[in-house]
Amino acid sequence: MIAEVTSFLAGYWILRAPEPDDQEPVEGQAELGYWLLRRYWRQGLASEGSRELVRYGFEDLGLTRIFAMTAAANNASRATMAAGRLQCVRTFHADPGDWPPGTDLRAVEYAITREQWNAQNSSRP
Ligand SMILES: CC(C)(COP(=O)(O)OP(=O)(O)OC[C@H]1O[C@@H](n2cnc3c(N)ncnc32)[C@H](O)[C@@H]1OP(=O)(O)O)[C@@H](O)C(=O)NCCC(=O)NCCS
């Protein structure tokens, strides 16, 4: 999903199949990601796009689990995951080969299952 605001690219949101190194291959699972140009930060766009992709993943694609991973220190990304109603399910150390030397390798995974998503939606007015 690509968002345009007044004809300019604002950023992207993606649902992709997990890389084999990231996760055990689980049928029906996808990883959520996003990136916005800085001038569009803090306007609620990442949250809105993430919520819509989660809805699309469960309702239209029939996924069973959606997860997202980020650096533990990336508070904006973590808050965006939480806004998409994903919950933190684990902390781990990223592969040092994936990052420049000296990078803080602490990372987190957030996730939501279709059962959790259905339960949250059925309890809404
Ligand atoms: C992460 C990113 C997409 C967030 O985009 P955004 O449009 O600013 O996010 P939103 O406005 O929807 O805000 C989502 C939540 O993050 C919080 N947030 C946003 N920027 C923040 C910051 N710098 N520090 C702490 N919290 C922040 C908001 O307060 C909001 O939390 P709330 O729901 O509790 O109010 C954006 O910062 C970005 O593109 N960063 C660079 C790329 C990146 O880190 N991508 C993720 C890689 S895993």
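The values are calculated or read from the model by the stated rules, or taken from the named source; none is laboratory data. Note that this is a predicted model, so its numbers are computed, not measured. Glycine gets a Cβ as well: all are built from the backbone with ideal geometry, and neighbour counts include every protein chain shown. For the accessible areas, the whole protein counts, side chains as well, though only heavy atoms, and no ligand, DNA or RNA atoms are used. Shrake-Rupley method; radii C 1.70, N 1.55, O 1.52, S 1.80 Å.
Which length gain, in nm to one decimal place, applies between Gln43 and Leu61 when the Cα-Cα distance is subtracted from 0.36 nm times their residue separation?
Extending this stretch completely gives an extra 3.7 nm.
Quick one: 3J(HN,Hα) in Hz for the range 79-91, Karplus 6.51/-1.76/1.60 with θ = phi - 60°, rounded, Gly and Pro as x.
Rounded to whole hertz, the list is 5, 5, 4, 5, 5, x, 6, 7, 10, 5, 10, 6, 10.
What is the set of long-range amide H partners of Thr64 at a cut-off below 5 Å, with H atoms built 1.01 Å from backbone N?
Hits under the 5 Å cutoff: Gln29.
How many percent of the accessible area of the chain is carbon or sulfur, using a 1.4 Å probe?
Roughly 53 percent, rounded to a whole number.
Counting helices only, and only those DSSP H runs with n ≥ 4, report the 222 nm mean residue ellipticity of the chain as the sum of -39,500 (n - 2.57) divided by its residues, in deg cm²/dmol to the nearest 500.
-6500 deg cm²/dmol
Restricting to the range 2-122, compute how many DSSP beta bridges are antiparallel as a %, nearest 5.
Roughly 90 percent of the DSSP beta bridges within the range 2-122 come out antiparallel.
With charges set only on the Cβ (+1 for Lys and Arg, -1 for Asp and Glu), what does the dipole of the range 17-96 come to about its Cα centre, in debye to the nearest 20?
Rounded to the nearest 20 debye, it is 620 debye.
Just to confirm, what accessible area per residue do you get for the chain at 1.4 Å probe, in whole Å²?
Normalised by residue count, the accessible surface of the chain is 64 Å².
Do any trypsin sites (Lys or Arg not before Pro) in the range 18-81 lie in a DSSP loop with no more than 13 other beta carbon atoms within 10 Å, and if so, which?
Arg42
Largest first and in whole Å, what are the equivalent-ellipsoid semi-axes of the chain based on the Cα gyration tensor, each being the root of 5 times an eigenvalue?
23, 21, 14
Where is the GNM fluctuation largest for the chain (alpha-carbon springs, 10 angstrom cutoff): Thr70, Thr103, Thr80?
Judging by the Gaussian network model, the answer is Thr103.
For the range 2-122, with the dipole built from +1 on Lys and Arg beta-carbon atoms and -1 on Asp and Glu ones, taken about the Cα centre, which of Gly84, Thr70, Gln116 lies farthest toward the positive end?
Gly84
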